[in-house]
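Peer 1: Dropping a structure here in structure tokens format, bear with me for questions.
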Amino acid sequence: MLLLNDLLLSSAALPLPNRGFAFGDGFFETLIFTGNQLQLAADHFARMQQAAAALHLTLPAALATPEALETTLARLAAANALPAARLRLQLWRAGGGRYTPTTDAAEWLATAEPFAADNTPVATADFASETYSIHSPLSFCKGPQAWIYVRAAHERQRRGLDEIILCDAAGHVAEAGAAAIFWERDGVLFTPALASGCVAGVRRAQVLRAARAAGVECREGLFAREELLAADAIFTANVAAVRAVRQVSSAHYDFQSLSFTALQNDAI
């Protein structure tokens, strides 16, 4: 079952013109529904609000508050009989036109699949050599720059890596292929700033909150890859998992760190 503009359907046809298909005029969210609740609903909603504002879109009523978002997507999880679900929510501008839009109204589609967390360590990672992150007014949200991550995933697969790390054109570390990246050195937790072109991940925000609550000093900034390589420990974090990284290039790292242990104890 899926939700198309708040209609619960077994299948749906999307008529043309479709501005999401034609122009990438929209964005998407990946969300996790477990324990009868939408995880990090407030963070997802905040990013959706910011993305809608950046694209001059109006969020539909069914998605217009954190509570409405959770209620709407709970229907989809229940309809698919999924106690643990990975949800994809795609929004795009309604109407036709060319580059100049004719409306601020949005249409949307939500789909569900079973979810099982994978917190196994990342065995091998390396820096991407074919693709760079690009900072833009929309780089904080998911969708408008998805081609970057498709290219990075292709390179990761071709090179036989478990994870790939993107940098910006100036060589600053940005993020992993589908996750935020963190590293610890001398008890301080580091992560790239949004100015690197990384996504403003909801798990990234939660990791920083949890680490600061545990008394860990956190620094966000533009860091050279050498600073990551000099870390004591590295881990990635996205909505689905927090994973320790064993190796980047030829450098090996501790399985755990103070920050990583604190995050596990915080059950995130």
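The values are calculated or read from the model by the stated rules, or taken from the named source; none is laboratory data. Keep in mind that what you see is a predicted model, and the values were worked out from it rather than measured. Every residue, glycine as well, gets a Cβ built from its backbone with ideal geometry; the counts of neighbours run over all protein chains shown.
Peer 1: List every residue pair whose Cβ atoms lie under 6 Å apart, where the two residues are 6 or more positions apart in sequence or sit on different chains, the first residue falls within region 181-197 and is more than 11 Å from Ala231 (Cα to Cα), and the second residue, located anywhere, is acidic (Asp, Glu).
Peer 2: As it stands, the answer is Ile181/Glu175; Thr191/Glu220; Ala193/Glu220; Ser196/Asp168; Gly197/Asp168, since those pairs meet every condition given.
Peer 1: Related question: Looking at (1) out of contact with any helix residue (DSSP H, G or I) (no Cβ under 7 Å at 6 or more places or on another chain); (2) of a type outside the set (Phe, Trp, Tyr); (3) over 27 Å from Glu155 (Cα atoms); (4) at pLDDT 95 or above, which is the only condition Ala205 fails?
Peer 2: In the conditions (1) out of contact with any helix residue (DSSP H, G or I) (no Cβ under 7 Å at 6 or more places or on another chain); (2) of a type outside the set (Phe, Trp, Tyr); (3) over 27 Å from Glu155 (Cα atoms); (4) at pLDDT 95 or above, Ala205 misses (1) alone.
Peer 1: For region 75-91, what are the residues that are touching a residue at least 40 places away in the same chain (Cβ under 8 Å), under 17 Å from Leu9 (Cβ atoms) and more than 18 Å from the chain's Cα centre (by Cα)?
Peer 2: Listed by number, the residues that qualify are Arg75, Leu76, Ala77, Ala79, Asn80, Leu82.
Peer 1: State whether the residues of region 158-165 include one that is assigned by TED's automatic domain parsing to the domain that holds Asp254, among the acidic types (Asp, Glu), outside any strand (DSSP E or B) and modelled with pLDDT of 95 or more.
Peer 2: Applying the first criterion (assigned by TED's automatic domain parsing to the domain that holds Asp254) to region 158-165 yields 158-165.
Subset that is among the acidic types (Asp, Glu): 162-163.
If we keep only those that are outside any strand (DSSP E or B) as well, we get 162.
In the following step, the residues that additionally are modelled with pLDDT of 95 or more were identified as 162.
Yes - at least one qualifying residue is present in region 158-165.
Peer 1: Just to be sure, is Ala78 of a type in the set (Gly, Ala, Ser), within 18 Å of Gly20 (Cβ to Cβ) and outside any loop (DSSP other than H, G, I, E, B)?
Peer 2: On the way: of a type in the set (Gly, Ala, Ser): yes; within 18 Å of Gly20 (Cβ to Cβ): no; outside any loop (DSSP other than H, G, I, E, B): yes.
For Ala78, the condition - of a type in the set (Gly, Ala, Ser), within 18 Å of Gly20 (Cβ to Cβ) and outside any loop (DSSP other than H, G, I, E, B) - is not met.
Peer 1: Let me ask something else. Of a type in the set (Val, Ile, Thr), part of a strand (DSSP E or B) and surrounded by fewer than 20 Cβ atoms within 10 Å (Cβ to Cβ) - does that describe any residue in region 98-121? Spell out how you get there, then give the answer.
Peer 2: Taking region 98-121 first, the residues of a type in the set (Val, Ile, Thr) are 100, 102-103, 111, 120.
Next, only the ones that are part of a strand (DSSP E or B) stay: 111.
Now drop any that are not surrounded by fewer than 20 Cβ atoms within 10 Å (Cβ to Cβ), which leaves 111.
Within region 98-121, one or more residues are of a type in the set (Val, Ile, Thr), part of a strand (DSSP E or B) and surrounded by fewer than 20 Cβ atoms within 10 Å (Cβ to Cβ).
Peer 1: Give me the residue from region 159-179 that is aliphatic (A, V, I, L, M) and in contact with a Cys (Cβ under 6 Å, 6 or more places away or on another chain) and, out of that set, farthest from Phe140 (Cα to Cα).
Peer 2: First, the residues of region 159-179 that are aliphatic (A, V, I, L, M): 161, 164-166, 169-170, 173-174, 176, 178-179.
Imposing the further condition that a residue be in contact with a Cys (Cβ under 6 Å, 6 or more places away or on another chain) reduces the set to 173-174.
Details: Val173: 15, Ala174: 11 Å.
Across region 159-179, the extreme among qualifying residues is Val173.
Peer 1: May I ask you to verify whether Ala213 is closer than 20 Å to Ala42 by Cα, aliphatic (A, V, I, L, M), surrounded by fewer than 22 Cβ atoms within 10 Å (Cβ to Cβ) and not assigned by TED's automatic domain parsing to the domain that holds Phe28? Before you say what the answer is, go through the steps one by one.
Peer 2: Working: closer than 20 Å to Ala42 by Cα: yes; aliphatic (A, V, I, L, M): yes; surrounded by fewer than 22 Cβ atoms within 10 Å (Cβ to Cβ): yes; not assigned by TED's automatic domain parsing to the domain that holds Phe28: yes.
Yes: the conditions hold for Ala213.
Peer 1: Just name the residue that is farthest from the chain's Cα centre (by Cα) out of those in region 179-200 that are assigned to a loop (DSSP other than H, G, I, E, B) and either among the aliphatic types (A, V, I, L, M) or within 16 Å of Ile234 (Cβ to Cβ) (or both).
Peer 2: Our first condition is that a residue be assigned to a loop (DSSP other than H, G, I, E, B); within region 179-200, this holds for 186-187, 193, 197-200.
From the residues that got through so far, the ones that are either among the aliphatic types (A, V, I, L, M) or within 16 Å of Ile234 (Cβ to Cβ) (or both) too are 186-187, 193, 198-200.
Working: Asp186: 28, Gly187: 26, Ala193: 15, Cys198: 9, Val199: 6, Ala200: 7 Å.
So the residue we want is Asp186.
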